[in-house]
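**Student:** Dropping the structure in here first, questions after.
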Amino acid sequence: MQYIPVCEPFLNGNEKKYVQDCLESAWISSSGKYVTAFEEKFSAYCDCKYGVSTCNGTVSLHLALSALGIGKGDEVIIPNFTMIASAFAVCYTGATPVFVDADPKTWNIDATRIEEKITPRTKAIMPVHIFGNPCDMTEIVALSKKYNLFIVEDAAEAHGAIYNEKKVGSFSHIASFSFFANKNITTGEGGMVVTNNECFYNKCNYLKNMAFPINGPRIYQHEDIGYNYRMSNIHAAIGLAQVEKADEYKEMRIKNNQLYKKFLNGIKGIIFQENQQNAVNVCWMNAIVVDKKLYNHSKDELIQHLKDNGVETRLLFTGMNKQKSLEKYGCDMRGEYNTTDWLTQNGFYLPSASSLKEDQISYICNLIKEFRNA
């Protein structure tokens, strides 16, 4: 029986060459040519002028919010269906995350329900491009202009995704990406802030390096509270090798998603995330929702069947309105979030590595098809 992990990194470029260069030159910490090269290459890939590397995606999001001056007393609108890092980053600033339910088709924040959550304390909207699927940025940009709000894109899962022929990350005042091991582009651990605003760029560089002066001598007198959010040269070396092949990896993920949909076409009770016609979903994860009435088995039963046959899976996110940590923090947990509840209760994602082979996807899909009639 073969074993298929849920997602593993794909490193088939210049990673070893660049890392070896770091080791031989002894530039292994947060200074070095690969940090600058990675920032420039990745920000350009996102059609943004500036990039600021960080040690992980969560702190990248915190840094982005901090650069905008968001803090105590402010509110930031986020999707209820997201990884909790989106909410935690808001909490780190002292601001309050406010939740909006997911769209039942795209599973992104329901843009038609954002306006009802805007108050005089709202300072920003944080769309999250769930599983690499771009949000409805037309509506979100319109709301941003109408209410004079910042947009902070959480593009942690959406490297290279496109909406209306424009890269995600370039719609907002500032955006954040993650390079965790399972992402389409990885550095193992890492993140990046991208922006077209020079002031925000300078503020991020200032804050991420313990608020040392950006220019001038390195004096140990600090005017502001800063953070140690720097990325090492070694991680950046891996990232540069990865971004050199970013489009190749993106196409591999998209092809895998197409194969899943092809092999599972017509299987009642298996539901995929829907793409917008004017968007390119980079398919970070191949998530499905199981309709027990149509599929004849529950999500949990299917997960166990796949596990018994060597296929690893992962559950979908639990809604922010169900998080005890956020309730303790003081977030408003009231209201109904029916789409999020449906996704959490019935969904999970299948193996999604860029390097998946067609016969592996076929094997997984055959298990799903056969189990429906078991």
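**Student:** Could you tell me whether VAL98 is modelled with pLDDT of 95 or more and surrounded by fewer than 24 Cβ atoms within 10 Å (Cβ to Cβ)?
**Tutor:** Spelling it out, VAL98 is indeed modelled with pLDDT of 95 or more and surrounded by fewer than 24 Cβ atoms within 10 Å (Cβ to Cβ).
**Student:** Something else: Tell me which of these ILE368 doesn't satisfy, since it passes every other one: (1) closer than 15 Å to LEU264 by Cβ; (2) crowded, with 21+ Cβ neighbours inside 10 Å; (3) within 24 Å of the chain's Cα centre (by Cα).
**Tutor:** All conditions are met except number (3).
**Student:** Do you know which residues across the range 16-45 are assigned to a loop (DSSP other than H, G, I, E, B) and either under 24 Å from LYS123 (Cα atoms) or in contact with a helix residue (DSSP H, G or I) (Cβ under 9 Å, 6 or more places away or on another chain) (or both)? Step through it out loud before you land on a result.
**Tutor:** Start the filter on the range 16-45 by keeping residues that are assigned to a loop (DSSP other than H, G, I, E, B), which leaves 26-32.
Selection gives TRP27, ILE28, SER29, SER30, SER31, GLY32.
**Student:** Here are GLU327, GLU336: which of them is out of contact with any Ser or Thr (no Cβ under 7 Å at 6 or more places or on another chain) and not in a loop (DSSP other than H, G, I, E, B)?
**Tutor:** One residue alone meets the criteria, GLU327.
**Student:** Among TRP342, TRP284, which is out of contact with any Phe, Trp or Tyr (no Cβ under 6 Å at 6 or more places or on another chain) and either buried (at least 16 other Cβ atoms within 10 Å of the Cβ) or under 24 Å from THR112 (Cα atoms) (or both)?
**Tutor:** Every option except TRP342 fails the conditions.
**Student:** Can you tell me which residue among ILE234, ILE270, ILE225, ILE219 is of a type in the set (A, V, I, L, M) and closer than 30 Å to ILE361 by Cβ?
**Tutor:** ILE270
**Student:** From (1) under 25 Å from LYS250 (Cα atoms); (2) touching a Cys at 6+ places or on another chain (Cβ under 9 Å); (3) not in a loop (DSSP other than H, G, I, E, B), pick out the condition that doesn't hold for ASN321.
**Tutor:** (1)
**Student:** Give me the pairs: first residue in the range 23-44 and assigned by TED's automatic domain parsing to the domain that holds ALA175, second residue buried (at least 18 other Cβ atoms within 10 Å of the Cβ) and among the charged types (D, E, K, R), beta-carbon distance under 6 Å, and six or more apart or on different chains, which are they?
**Tutor:** SER30/ARG230
**Student:** Given (1) in a loop (DSSP other than H, G, I, E, B); (2) without any contact (Cβ under 8 Å) to a residue 12 or more places away in the chain, identify the lone condition not met by LYS146.
**Tutor:** (1)
**Student:** Based on this model, can you work out whether THR58 counts as buried (at least 19 other Cβ atoms within 10 Å of the Cβ), assigned by TED's automatic domain parsing to the domain that holds CYS199, closer than 30 Å to ALA353 by Cβ and not charged (D, E, K, R)? Steps first, answer last, please.
**Tutor:** Numbers: buried (at least 19 other Cβ atoms within 10 Å of the Cβ): yes; assigned by TED's automatic domain parsing to the domain that holds CYS199: yes; closer than 30 Å to ALA353 by Cβ: yes; not charged (D, E, K, R): yes.
When the stated conditions are applied, THR58 passes them.
**Student:** Among the residues of the range 1-22, which ones are within 30 Å of ILE214 (Cα to Cα) and surrounded by 13 or more Cβ atoms within 10 Å (Cβ to Cβ)?
**Tutor:** Residues satisfying the conditions are GLU15, TYR18, VAL19, ASP21, CYS22.
**Student:** Among the numbered criteria (1) buried (at least 23 other Cβ atoms within 10 Å of the Cβ); (2) farther than 15 Å from VAL194 by Cβ; (3) touching a strand residue (DSSP E or B) at 6+ places or on another chain (Cβ under 8 Å); (4) in contact (Cβ under 8 Å) with a residue 60 or more places away in the chain, which one does LEU65 miss?
**Tutor:** Here LEU65 meets the rest and fails (2).
**Student:** Among the residues of the range 234-252, are any more than 23 Å from LYS357 (Cβ to Cβ) and loosely packed, with under 15 Cβ neighbours inside 10 Å?
**Tutor:** Scanning the range 234-252 turns up no residue that is more than 23 Å from LYS357 (Cβ to Cβ) and loosely packed, with under 15 Cβ neighbours inside 10 Å.
**Student:** So, GLU153, is that one in a strand (DSSP E or B), among the charged types (D, E, K, R), touching a Gly at 6+ places or on another chain (Cβ under 6 Å) and in contact (Cβ under 8 Å) with a residue 24 or more places away in the chain or not?
**Tutor:** So GLU153 passes the test.
**Student:** For ILE238, indicate whether it is outside the structural domain of PHE317 (by TED's automatic domain parsing), assigned to a helix (DSSP H, G or I) and closer than 30 Å to LYS166 by Cα.
**Tutor:** Spelling it out, ILE238 is indeed outside the structural domain of PHE317 (by TED's automatic domain parsing), assigned to a helix (DSSP H, G or I) and closer than 30 Å to LYS166 by Cα.
**Student:** Against the definition (farther than 20 Å from HIS62 by Cβ and in contact (Cβ under 8 Å) with a residue 40 or more places away in the chain), how does ALA175 come out, yes or no?
**Tutor:** Here the answer is no, as ALA175 does not meet what is asked.
**Student:** Identify, please: which residue in the range 275-292 is assigned to a loop (DSSP other than H, G, I, E, B) and under 14 Å from GLN258 (Cβ atoms) and is, among those, farthest from the chain's Cα centre (by Cα)?
**Tutor:** ASN275
**Student:** Do the conditions hold for THR112, that is, is it modelled with pLDDT of 95 or more, surrounded by fewer than 18 Cβ atoms within 10 Å (Cβ to Cβ) and either aliphatic (A, V, I, L, M) or over 30 Å from GLN242 (Cβ atoms) (or both)?
**Tutor:** When the stated conditions are applied, THR112 passes them.
The values are calculated or read from the model by the stated rules, or taken from the named source; none is laboratory data. What you see is a predicted model, and the numbers here were worked out from it, not measured in a lab. Neighbour counts are summed over all protein chains in view; Cβ atoms, including those assigned to glycine, are modelled from backbone coordinates with ideal geometry.
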